[in-house]
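Let me begin by presenting the structure, written as structure tokens, before commenting on it.
The values are calculated or read from the model by the stated rules, or taken from the named source; none is laboratory data. Source: prediction; values computed, not measured. Neighbour counts are summed over all protein chains in view; Cβ atoms, including those assigned to glycine, are modelled from backbone coordinates with ideal geometry. Quick note on the areas: whole protein, heavy atoms, side chains included, nothing else; ligands and nucleic acids left out. Shrake-Rupley method; radii C 1.70, N 1.55, O 1.52, S 1.80 Å.
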Amino acid sequence: MRIKRALTVGALLLMSTSVAACGSDDDKGKSSEKASAEAGKPGGEADAEETSGGLPSASDMASIEYFLNQSVGCLDLMTGRDYDNSSLAEREPAWGDSDMLKNPAWAIKERAVCKDKYDDIVTLVLTSDMKQFQTTMKEKGYSGILVGKDFAVDPDDGQTTQDLKTSGLVYLSCDPEFEIPSGYKQEPALVDGCLLTDHFPS
């Protein structure tokens with residue numbers, strides 16, 4: 001999935017969700033299983049996955065890599081700079097560029113690239129301020145990227161995008177002509193004219 005130019009600009013408002021205070025015995029059992037699974041995560045981090053209904057969150061690239069490996073794969077991870085300087089970038093350019101890390105307007109902490117299970121590239125972006133990142137996305141006229149609480153993912157393959165529909169990530173669009181079929185979520189984003197949805201176009 002390539003990021004598409006949006007026709008308008010607006011403001012972003014990250015979806016908020018409530019967390020259930022308690023659950024059934026079955027839920028407690030699942031929590032125990034989840035805790036066991038999280039023990040194997042990089043650095044003991046469990047924040048690349050939220051089961052409370054909120055957006056997925058990650059504190060580092062290893063956590064995003066782990067998160068993607070649960071569904072679409074994330075192999076041969078390398079920094080964005082290394083990828084941009086490799087011969088691979090000529091055949092499959094990744095989203096963004098290394099200069100974004102120097103520009104505080106983007107609020108990007110790290111950018112990396114890996115290969116999914118279909119051998120297509122996926123760009124990973126870890127943000128220091130998701131609102132600022134999305135605001136700049138809007139100001140630059142971009143839209144069409146999958147976002148979590150504090151990271152974004154840009155798959156190059158349409159099937160990979162569809163495989164991420166159940167991951168908890170949402171699709172950011174600032175295109176006024178983007179139509180969402182009935183039955184899909186449509187939440188206001190942080191900028192007027194932008195929205196977040198679980199409808200992922202191919």
The condition from (1) of a type in the set (S, T, N, Q); (2) surrounded by 19 or more Cβ atoms within 10 Å (Cβ to Cβ); (3) touching a helix residue (DSSP H, G or I) at 6+ places or on another chain (Cβ under 6 Å) that Ser57 misses is numbered (3)
I need the full set of residues from the range 165-198 which are at pLDDT below 90 and of a type in the set (Gly, Ala, Ser), in order please. Ser173, Ala189, Gly193
Which listed residue is farther than 18 Å from Phe67 by Cα, among the hydrophobic types (A, V, I, L, M, F, W, C) and open to solvent by 10 Å² or more (accessible area, probe 1.4 Å), from Leu190, Leu196, Leu172: Leu190
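I'd like to check something: does the range 185-196 contain any residue that is within 11 Å of the chain's Cα centre (by Cα) and either closer than 15 Å to Val125 by Cβ or assigned to a loop (DSSP other than H, G, I, E, B) (or both)?
No, every residue in the range 185-196 fails to be within 11 Å of the chain's Cα centre (by Cα) and either closer than 15 Å to Val125 by Cβ or assigned to a loop (DSSP other than H, G, I, E, B) (or both).
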